[in-house]
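Novice: Below you'll find the structure I mean.
The numbers here are math on the coordinates, done by the rules we state, and not lab data. Everything quoted here is computed from the prediction, not taken from an experiment. Every residue, glycine among them, receives a Cβ derived from its backbone with ideal geometry; neighbour counts consider all protein chains shown.
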Amino acid sequence: MLLKGKAWKFGNDIDTDVIIPARYLNTSDPAELAKHCMEDADPGFSARIQPGDIIVAGKNFGCGSSREHAPIAIKAAGIACVIAPTFARIFYRNAFNIGLPICESAEAAGDIDAGNEVTVDLKTGIITNLTKNKTYRATPVPPFMQQIITAGGLINYVAERVKNHV
C-alpha cells in the first residue's frame, strides 16, 4: 500500500483536544468532525488540505483523551497517514481500528518539512521525501493491520471475515 501527499507539520504532544476540540464532540458524523480537524492548531486546516495529504508531527501524537473522534476527524478530512516519532498508545489502536494508517519514524518526522511531497510504503516501512530526495525507515505495518486499513477499519474487517467464514 503506497500513499502519497503533501506534508502538514505539527509539533510535539498534539493531544486529542487539539485534533478535534471538545466543543465539537456533540456529533460523531465524520464529515462534520473533518471540518474542525486541527482547527485550534491551524485555523482553516481542513479547508486547505487535499485528499491524500499527510500529517507529520512530533512525539506523543494523539495523547490525552481516548476518544475515537480524533482519528475519525483526521481520516474523514482526507489525511492519508500520520507520521510521528511516537504515538499515544490509545490513539495508535484507535487509528488502526478506524482504518487510519500511522507510521512511527523519528528520523522522518524530524526531517520532513511542511509542504514536502512524501510517499509512504506501509508494506516496507519506507518513507520517501520526494522534495528532498531522501528516504527514512518506519516500522512496517504488519500484514493483518494492512488488511484492517484496506477494509476501512476493524469493524469492516471483521464483517468481511464473518461474511466469508474466514
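Novice: Kindly rank 137-150, 7-20 from highest to lowest mean number of other beta carbons found within 10 Å of each residue.
Specialist: Per-residue mean Cβ counts within 10 Å order the peptides as 7-20, 137-150.
Novice: Non-local amide H neighbours of Lys134 (under 5 Å, H modeled in plane, Pro and chain starts lacking H): which ones?
Specialist: When sequence neighbours closer than 5 places are left aside, the close amide H contacts are Asn129.
Novice: Expressed in nm², what is the orientationally averaged projection area of the convex hull enclosing the Cα positions of segment 103-163? Don't skip to the answer; put the middle values down first.
Specialist: Numbers: hull surface 18.3 nm².
The Cα convex hull of segment 103-163, projected and averaged over all directions, gives 4.6 nm².
Novice: Another question, if that's okay. Cut-off 10 angstrom, C-alpha nodes, Gaussian network model of the chain. Which of Ser105, Ser65, Ser46 fluctuates the most?
Specialist: Looking only at Ser105, Ser65, Ser46, the largest GNM fluctuation is found for Ser65.
Novice: Moving to a separate point now. Arrange Asp40, Asp121 by Cβ neighbour counts within 10 Å, fewest through most, would you? Could you put the intermediate results ahead of the total?
Specialist: On the way: Asp40 13, Asp121 18.
Neighbour counts put them in this order, fewest first: Asp40, Asp121.
Novice: Additional query: Can you run phi through the Karplus equation (6.51, -1.76, 1.60; θ = phi - 60°) for segment 108-125 and list ³J(HN,Hα) in whole Hz, with x for Gly and Pro?
Specialist: For segment 108-125, the Karplus-derived couplings read 5, 4, x, 9, 6, 9, 4, x, 5, 8, 10, 10, 10, 9, 5, 5, 9, x Hz, x marking Gly and Pro.
Novice: Next question. Let me check against my output: what whole-number percent is the relative contact order of segment 6-65, with C-alpha pairs under 8 Å and at least 6 apart?
Specialist: 58 percent
Novice: Would you please give the residues with an amide H less than 5 Å from that of Met38, counting only those at least 5 places away or on a separate chain, with H modeled from the backbone geometry?
Specialist: Placed amide hydrogens put Ile20 under 5 Å from Met38.
Novice: How much length is gained if the chain between Lys132 and Leu25 is pulled fully straight, taking 0.36 nm per residue apart and subtracting their Cα-Cα distance, in nm to one decimal?
Specialist: 34.7 nm
Novice: Return the single residue from Ala47, Ala80, Ala57 with maximal mean-square fluctuation; model: Gaussian network over the chain, springs between Cα atoms under 10 Å.
Specialist: Maximum fluctuation in the GNM of the chain, among the listed residues, is at Ala47.
Novice: Then there's this: Would you mind checking which residues have amide H under 5 Å from Asn116's amide H? H placed 1.01 Å from N; only 5 or more apart, or other chain.
Specialist: The answer is Ala7.
Novice: Starting from the Cα gyration tensor of segment 81-129, take the square roots of the eigenvalues, sort them a ≥ b ≥ c, and report rounded, prolate or oblate (rounded when a/c is under 1.5, otherwise prolate if a/b is larger than b/c, else oblate). It would help to have the intermediate numbers written out before the result.
Specialist: Working: a/c = 2.03, a/b = 1.58, b/c = 1.29.
Note, shape of segment 81-129 comes out prolate.
Novice: I need Tyr136, Tyr24 ordered by Cβ neighbour count within 10 Å, fewest first.
Specialist: Tyr24, Tyr136
Novice: Could you work out the relative contact order of segment 49-129, using alpha carbon pairs under 8 angstrom and six or more residues apart, expressed as a whole percent? Can you show the working numbers first?
Specialist: Details: 134 pairs, mean separation 24.2, N = 81.
Answer for segment 49-129 is 30 percent.
Novice: Under a GNM of the chain (C-alpha, springs under 10 Å), which listed residue has the highest mean-square fluctuation: Lys75, Lys134, Lys35?
Specialist: Result: Lys134 has the largest fluctuation of those listed.
Novice: Over all directions, average the projected area of the Cα convex hull of the chain and note it in nm².
Specialist: In nm², the orientation-averaged hull projection of the chain is 9.0.
Novice: Size of the dipole of the chain about the Cα centre, Lys and Arg at +1 and Asp and Glu at -1 on the beta carbon, nothing else charged, in debye to 20? Working shown, then result.
Specialist: Numbers: 17 positive and 17 negative charges, 89 e Å.
Value, rounded to 20: 420 debye.
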